[in-house]
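A.B. asks: Below is one structure. I have some questions about it.
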Amino acid sequence: IEFVRAAQLQGDEDPSSVPPPSAQAQQKESIQAVRRSLPVFPFREELLTAIANHQVLIIEGETGSGKTTQIPQYLFEEGYTKKGMKIACTQPRRVAAMSVAARVAREMGVKLGNEVGYSIRFEDCTSERTVLRYMTDGMLLREFLSEPDLASYSVVMVDEAHERTLHTDILFGLIKDVARFRPELKVLVASATLDTARFSTFFDDAPVFRIPGRRFPVDIFYTKAPEADYLEACVVSVLQIHVTQPPGDILVFLTGQEEIEAACEMLQDRCRRLGSKIRELLVLPIYANLPSDMQARIFQPTPPGARKVVVATNIAETSLTIEGIIYVLDPGFCKQKSYNPRTGMESLTVTPCSKASANQRAGRAGRVAAGKCFRLYTAWAYQHELEETTVPEIQRTSLGNVVLLLKSLGIHDLMHFDFLDPPPYETLLLALEQLYALGALNHLGELTTSGRKMAELPVDPMLSKMILASEKYSCSEEILTVAAMLSVNNSIFYRPKDKVVHADNARVNFFLPGGDHLVLLNVYTQWAESGYSSQWCYENFVQFRSMRRARDVREQLEGLLERVEVGLTSCQGDYIRVRKAITSGYFYHTARLTRSGYRTVKQQQTVFIHPNSSLFEQQPRWLLYHELVLTTKEFMRQVLEIESSWLLEVAPHYYKAKELEDPHAKKMPKKVGKTREELG
Ligand code: ADP
Ligand code: MG
């Protein structure tokens, strides 16, 4: 692949002034020395004074300057956690919360989960003693339910604010409000060097504290022509860098687990074939579901003579800093959610990243020495095809979850909530409508008893509705399993390249009539019967890790059942009841087979069953889906066969008998009420 050098990202450091520290030197240095070497360290006192003097402080600093790992420690050392008060530091990503907490625990010489811990959905690694709490922004949001004034916190640091995730954006509004009546609460908003003026304005012109950057220049290269297959291009380029460039580790940005695993496999394959013709290349993945021992490996120093290549999602853009990266390879894509409020369809698609993102990525190459960034697209594409910045998530996602939470916090007038950027009006309206349809809100938009229960469960409103409905259909045991399995979605089965046929057979063996939700239930039940065995997973091409996680999630949900007044009951094999309970939550996501394929019932959108589905070949007339994923087409993932009469049974306020009539079945009885009885 031919690259042309086209630009340079300016650095603050003279590349000849500081020799890049070798991996060994770093290892030898004590952890305290590393702490003192971070850009934030010289500003420790100044920063603490600013925090003492202002209630809200915006902190801006280059990625890797020590904001996340150091500032909470400074506050701890300064006594902000006296009298049992806690410090919260939020992260948009689970992996970041876990990894950073582990690092800080090590720096402080304490066991993770004691003084320092993390809390992410379905995983709580904190204790009574935990005063430094790293958590996802979503978890802090849920803290408001149990402690609306965050009374046990002395400091809240909203970190990675520039990411503008939905939860971070909502936190801004809530925290601004709490800060007004808790003058002793300190609020820190930390961000990479983006957008800080806006945060300042939002928080009534709060001062901005700048930690001066420390970055070496980065040369930027573009491809001469567009690359058709960016995965293949990535693999080739990594090897090209490895063979032609001086020492230094490589960071590659891909969009998700599947892609990352494929790239790592391809790289390892080719290295094996090249054998001793090339120096050693360590290939390390990092993505959200990677087990933590594997995550830790990316931070280990590269052995002398070898080179490391870290293949990462967006997580490495600003949340995590890996020492020793000199080369960045950027295909220019990321996975992004989008939402169409007219159709209510949410989809996750691979889209070109923004210029701001591309420049953050490039910056990762200049941390320890002058670096190089290879972009797998043309300079023209950068100029003309990339957006300036990423649109905040609040403007491209559904809001059901957040609206339910805000309603539970007693915030009724959502139109006038203090948003940094307001969501589209139609999105808000649709969220209210959906919550009304699910029975969470009454016709006045007030929270119902059922809505209050739904908010108690840390899952999407549709999923909580399904769990609540399992009471009526006496099948909560099964529904809990389905809910847990849906939460670890898409990583249940594995399919090694050399055993594709065996793996596919194993998967088909789990198929049950009715659809994918029942397949998930079947897998879990058989696994439980095996005594939760890892050997069983291995033999059946099932991911043990995912199953273990499903078991954790299931246990946690089970623990919450009492709070929402659902008893533990089993359907004893009567799967119609399970399917009806699922339909009670997902009647919004329904499709029917027409002459021209599947159409969603309400919006008349063309959709397709995902080829991995157990129903792919059966093409039932009516079905519901768990989610829509737009890849080459709008695919429905996790589909369940239903009967149209069930829709009238579970959501009579939402469906009219007329729209469920089947134009192809001429003998359809006129009175649908009777059909319902016949079929039900
Ligand atoms: P910022 O939040 O400003 O981007 P961080 O506090 O995350 O900066 O990182 C500061 C330094 O700590 C970085 O140089 C990084 O290399 C180091 N660091 C962070 N996490 C780890 C880890 N898990 N292992 C080793 N070093 C780490
Ligand atoms: Mg950080």
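A.B. asks: Fewest first, what order do Ile298, Ile1 take by the number of other Cβ atoms within 10 Å?
C.D. replies: Listed from fewest to most nearby Cβ atoms, that is Ile1, Ile298.
A.B. asks: If eta is 1.567 mPa s and T is 4 °C, what Stokes-Einstein diffusion coefficient results for segment 420-519, Kirkwood Rh from Cα pairs, in µm²/s?
C.D. replies: D, rounded to a whole number, is 79 µm²/s.
A.B. asks: Related question: List every residue whose amide H lies under 5 Å from the amide H of Leu441, counting only residues 5 or more places away in sequence or on a different chain, with H placed 1.01 Å from N in the peptide plane.
C.D. replies: The answer is Tyr436, Thr448.
A.B. asks: Around Gln245, with a cut-off of 10 angstrom between Cβ atoms, what is the net charge of the other residues, counting Lys and Arg +1 and Asp and Glu -1?
C.D. replies: Here the charged neighbours net out to +2.
A.B. asks: Using the Karplus curve 6.51 cos²θ - 1.76 cosθ + 1.60 with θ = phi - 60°, work out ³J(HN,Hα) for each residue of segment 533-549 in order, rounded to whole Hz, and write x for Gly and Pro.
C.D. replies: 7, 7, 4, 4, 4, 4, 5, 9, 6, 10, 6, 4, 4, 5, 5, 4, 5
A.B. asks: Using Stokes-Einstein with the Kirkwood hydrodynamic radius over Cα pairs, what translational diffusion coefficient do you get for segment 42-198 at 25 °C and a viscosity of 0.890 mPa s, in µm²/s rounded to a whole number?
C.D. replies: My calculation gives 160 µm²/s for D.
A.B. asks: What is the Å³ per residue value for the convex hull set by the Cα atoms of segment 213-252?
C.D. replies: 111 Å³
A.B. asks: Subtract the Cα-Cα distance of Glu529 and Arg342 from 0.36 nm times their separation in residues, and report this length gain in nm to one decimal.
C.D. replies: In short, 62.8 nm is gained.
A.B. asks: If you line up the Cα atoms of the chain on their principal axes, what length do they span on each, largest first, in Å?
C.D. replies: 85, 64, 52
A.B. asks: Pop the C-beta distance of Arg5 and Lys633 into the FRET formula with R0 = 35 Å and round what comes out to the nearest 0.05.
C.D. replies: The pair Arg5/Lys633 has a calculated efficiency of 0.35.
A.B. asks: Enter the mean projected area of the convex hull around the alpha-carbon atoms of segment 479-564, in nm², rounded to one decimal.
C.D. replies: Taking the Cα atoms of segment 479-564, their convex hull projects to 5.8 nm² on average.
A.B. asks: Which percent, nearest 5, of DSSP beta bridges in segment 105-181 are antiparallel?
C.D. replies: Around 40 percent of the beta bridges assigned by DSSP in segment 105-181 are antiparallel ones.
A.B. asks: Once amide H atoms are placed 1.01 Å from N in the peptide plane, what residues at a sequence separation of 5 or more from Cys334, or on another chain, have their amide H within under 5 Å of its amide H?
C.D. replies: Those qualifying (amide H under 5 Å, at least 5 residues apart or on another chain) are Thr351, Cys353.
A.B. asks: Can you show me the helix-derived [θ] at 222 nm for the chain, built from DSSP H runs with n ≥ 4 at -39,500 (n - 2.57) apiece and divided by the number of residues, rounded to the nearest 500.
C.D. replies: Taking each H run of at least 4 residues, the total per residue is -11500 deg cm²/dmol.
A.B. asks: With N denoting the number of residues in segment 34-124, provide Rg(C-alpha) divided by 2.2 N^0.38 Å, to two decimal places.
C.D. replies: This ratio for segment 34-124 stands at 1.09.
A.B. asks: Let's see if you can work this out: charge +1 on each Lys and Arg Cβ, -1 on each Asp and Glu Cβ, no other charges. What is the dipole magnitude of segment 85-234 about its Cα centre, in debye to the nearest 20?
C.D. replies: 400 debye
A.B. asks: Additional query: Report the gain in length on full extension from Thr349 to Thr201: 0.36 nm times residue separation, minus Cα-Cα distance, nm rounded to one decimal.
C.D. replies: Separation in residues times 0.36 nm, less the Cα-Cα distance, equals 50.0 nm.
A.B. asks: Please give, to one decimal in nm, the separation of the simple spin-label points placed at His54 and Asp12, each 7 Å out from Cα toward the Cβ.
C.D. replies: 1.7 nm
A.B. asks: So how do Phe181, Phe544, Phe203 line up by other beta-carbon neighbours within 10 Å, fewest first?
C.D. replies: Phe181, Phe544, Phe203
A.B. asks: A further question on this structure: Quick one: Karplus J couplings for segment 519-531, per residue in order, coefficients 6.51, -1.76, 1.60, θ = phi - 60°, nearest Hz, x for Gly and Pro?
C.D. replies: 5, 4, 4, 4, 4, 5, 4, 5, 5, 4, 5, 6, x
A.B. asks: Further question: Lys224 to Thr594: FRET efficiency via 1/(1 + (r/R0)^6), r the Cβ-Cβ distance, R0 35 Å, to the nearest 0.05?
C.D. replies: For R0 = 35 Å, the calculated efficiency reads 0.15.
A.B. asks: So what's the net charge close to Gly597: Lys and Arg +1, Asp and Glu -1, counting the other residues with Cβ under 11 Å from its Cβ?
C.D. replies: Its environment carries a net charge of +3.
A.B. asks: Put a dot 7 Å past each Cα toward the Cβ at Glu426 and Leu409; how far apart are the dots in nm?
C.D. replies: Inter-label distance under the simple model: 2.7 nm.
A.B. asks: Give the Cα extents of segment 539-599 along the principal axes, in whole Å, largest first.
C.D. replies: Taking the Cα atoms of segment 539-599, the three principal extents are 45, 37, 22 Å.
A.B. asks: Please compute the contact order of the chain in relative form: average sequence separation of alpha-carbon pairs under 8 Å and at least six residues apart, divided by the residue count, as a percent.
C.D. replies: 11 percent
A.B. asks: Which percent, nearest 5, of DSSP beta bridges in the chain are antiparallel?
C.D. replies: 40 percent
A.B. asks: If you take the alpha carbon radius of gyration of segment 280-424 and divide it by 2.2 N^0.38 Å, what ratio comes out, to two decimals?
C.D. replies: It is 1.32.
A.B. asks: Another one. Residue by residue, what Karplus-based ³J(HN,Hα) values in Hz, rounded to whole numbers, does segment 428-442 have, using 6.51, -1.76 and 1.60 with θ = phi - 60° and x for Gly and Pro?
C.D. replies: Running phi through 6.51 cos²θ - 1.76 cosθ + 1.60 with θ = phi - 60° gives 5, 4, 5, 4, 5, 4, 5, 5, 5, 4, 7, x, 7, 10, 8 Hz.
A.B. asks: I need the fraction of alpha carbon pairs in segment 355-424 separated by more than 18 Å, rounded to a whole percent.
C.D. replies: So the portion of pairs separated by more than 18 Å is 59 percent.
A.B. asks: Tell me, what is the percent relative contact order of segment 453-513, built from C-alpha pairs under 8 Å that lie six or more residues apart?
C.D. replies: 17 percent
A.B. asks: Among Ile211, Pro183, Thr196, which residue has its Cα positioned farthest towards the positive end of the charge dipole of segment 176-215, with +1 placed on the Cβ of Lys and Arg, -1 on the Cβ of Asp and Glu, and the dipole taken about the Cα centre?
C.D. replies: Ile211
A.B. asks: Using the beta-carbon distance between Gln240 and Glu617 and R0 = 45 Å, what value does 1/(1 + (r/R0)^6) give for FRET efficiency, to the nearest 0.05?
C.D. replies: So, using R0 = 45 Å, E works out to roughly 0.55.
A.B. asks: Suppose the chain between Met85 and Ala379 were pulled fully straight at 0.36 nm per residue; how much longer would it get relative to their current alpha carbon spacing?
C.D. replies: Here the answer is 100.7 nm.
A.B. asks: What size of dipole, in debye to the nearest 20, comes out for the chain about its Cα centre when the only charges are +1 on Lys and Arg C-beta atoms and -1 on Asp and Glu C-beta atoms?
C.D. replies: Charge dipole of the chain: 980 debye, to the nearest 20.
A.B. asks: Which value, to two decimals, describes the C-alpha radius of gyration of segment 90-152 once divided by 2.2 N^0.38 Å?
C.D. replies: This ratio for segment 90-152 stands at 1.06.
A.B. asks: Computed from the mean reciprocal separation of all distinct C-alpha pairs, what Kirkwood hydrodynamic radius does segment 353-495 have, in Å?
C.D. replies: About 18.8 Å, per the Kirkwood formula over Cα pairs.
A.B. asks: Per q in 0.19, 0.20 Å⁻¹, report the Debye log10 I(q)/I(0) for segment 162-302, using one uniform scatterer on each alpha carbon and no solvent.
C.D. replies: -1.19, -1.25
A.B. asks: Give me Cys475, Cys334 sorted ascending by neighbouring Cβ count inside 10 Å, so fewest comes first.
C.D. replies: With the fewest neighbours first, Cys475, Cys334 line up as Cys334, Cys475.
Bear in mind these aren't lab numbers, they're just calculated from the coordinates by the rules spelled out. Quantities reported herein were computed from a predicted structural model and do not represent experimental measurements. No Cβ is skipped: glycine too gets one built from the backbone with ideal geometry, and neighbour counts run over all protein chains shown.
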